[in-house]
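We did not get these values from a lab; they are worked out from the coordinates using the rules stated. Keep in mind that this is a model prediction, so the values were computed, not measured. Counting neighbours? That spans all protein chains shown, and the Cβs are built from the backbone with ideal geometry, glycine included.
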Amino acid sequence: MPTLASSSQIPDQTGRTVVITGAASGIGRSAASALAMRGARVILAVRDQAKGRAAARDMGGRAEVRALDLASLASIREFAEGLREPVDVLVNNAGAMTAARQETRDGFESQLGVNHLGHFALTNLLLDRITGRVVTISSSAHRSAHIDFEDLQWERRPYRPFGAYGQSKLANLLFTSELQRRLAEAGSPVIATAAHPGWASTGFRITSGNRLFDTLVAFSTPFLAHGPEGGALPTLLASTGDVPAGGFAGPSRFGGVRGPAALAEPSGRTKDPGIARRLWEVSERLTGTEFPLTADAPAGPRTP
Ligand SMILES: NC(=O)c1ccc[n+]([C@@H]2O[C@H](COP(=O)([O-])OP(=O)(O)OC[C@H]3O[C@@H](n4cnc5c(N)ncnc54)[C@H](OP(=O)(O)O)[C@@H]3O)[C@@H](O)[C@H]2O)c1
């Protein structure tokens, strides 16, 4: 059973290139820093380049900063077009929660748009250059969520911030399982894995709409949650450890809240292949991107 108690235990990453979204802060920054320290070339895919450059300066090894706003399909395309070299691991880490309904540049409800659709498009656009893994960061919030195909973008229902967040995080896991199914069908050696950080004290803010609940969570987080280094352990395990295709990593103690990373069990809702396939098809239509590999051309970088 693969486990990870400290980032210093990850294997040597020399010669590997890892792209991490949202790596200017929190868990993404911590994971990028650990990978760079172990020899990886890390590409910090961030929306605020000054913040990204400051983070890169603090990292021990080779860290580069590139602009990526997951709330814009144009920015995602530009990022993918600018990255022509092979990528060993793509870590879909960035995420946000918003108290009121907002829209991305392309008119998607912002939590679904950034957390799921942005990473969906990014993965499809980079997949012919990825040689190892696609790792997507979900949350325990997926457990109480469901995908509402009749109102995916919260246009007809009263907006529930936590409901929208949970839906986007359930979408992350359904995406991982359908991506893995497609990779296997295409005969690709690339695998899809997922992780959740438990509860980590980062820049992330719960904005459930209930002010008392949000204040209590914000107040107790520094005392009860682990730090970004602990929150990054499941990401590092899913990115570098002996995790099976489609595997899900998370903290192993206190009901999955903190502690060393190990394999975790996602909710039953992530295991419905019909829902995963339907979400994939809807996401393809919304983003105008599709799975690029076929059994004839299963993997490997293509010459531009
Ligand atoms: N912290 C927790 O307890 C917890 C629990 C469950 C799941 N998670 C998940 O863990 C992941 C990392 O979160 P975190 O705790 O490290 O929070 P964080 O410190 O707020 O980091 C989130 C990162 O996502 C980036 N981001 C947000 N919107 C973006 C966009 N449109 N384009 C590009 N980047 C964007 C942010 O960029 P800026 O730096 O520019 O703001 C930030 O760097 C998220 O997917 C989150 O849902 C966290």
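Figures for the structure shown
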quantity	calculated
Sorted peptide list for 26-34, 64-72, criterion being average Cβ within 10 angstrom, highest first	26-34, 64-72
Mean shadow area of segment 67-129, taken as a quarter of the surface of its Cα convex hull (nm²)	4.1 nm²
Rounded Å value of the spacing that divides the Cα centres of segment 104-119 and segment 22-89	19 Å
Of 115, 124, 172, the one that fluctuates the most in a GNM where the chain has Cα springs shorter than 10 Å	124
Within segment 111-155: Cβ-based charge dipole about Cα centre, in debye rounded to nearest 20 (Lys, Arg +1; Asp, Glu -1)	400 debye
Magnitude of the charge dipole, the chain, Cβ model with Lys/Arg +1 and Asp/Glu -1, debye to 20	600 debye
Dipole of segment 157-304, positive direction: furthest Cα of 282, 216, 238, with charges on the beta-carbon	216
Extreme residue, positive dipole direction of the chain, given options 30, 80, 96 (C-beta unit charges)	30
Selected from 61, 177, 248, residue furthest toward positive end of dipole (segment 7-287; charges at beta carbon)	61
Rel. contact order, % - alpha carbon contacts under 8 angstrom, at least six apart, the chain	21 percent
Most mobile listed residue (178, 284, 150) in the chain, GNM with C-alpha springs under 10 Å	150
Cα gyration tensor category, rounded, prolate or oblate, for segment 53-160 with a/c compared to 1.5	prolate
Separation between Cα centres of segment 173-205 and segment 227-304, rounded to whole Å	1 Å
Pairwise Cα inverse-distance average, inverted: Kirkwood Rh of the chain (Å)	19.0 Å
Under the span-like rule (Cα at least 18 Å along the axis, Kyte-Doolittle mean at least -0.5), DSSP H helices of the chain	161-185, 211-224, 273-287
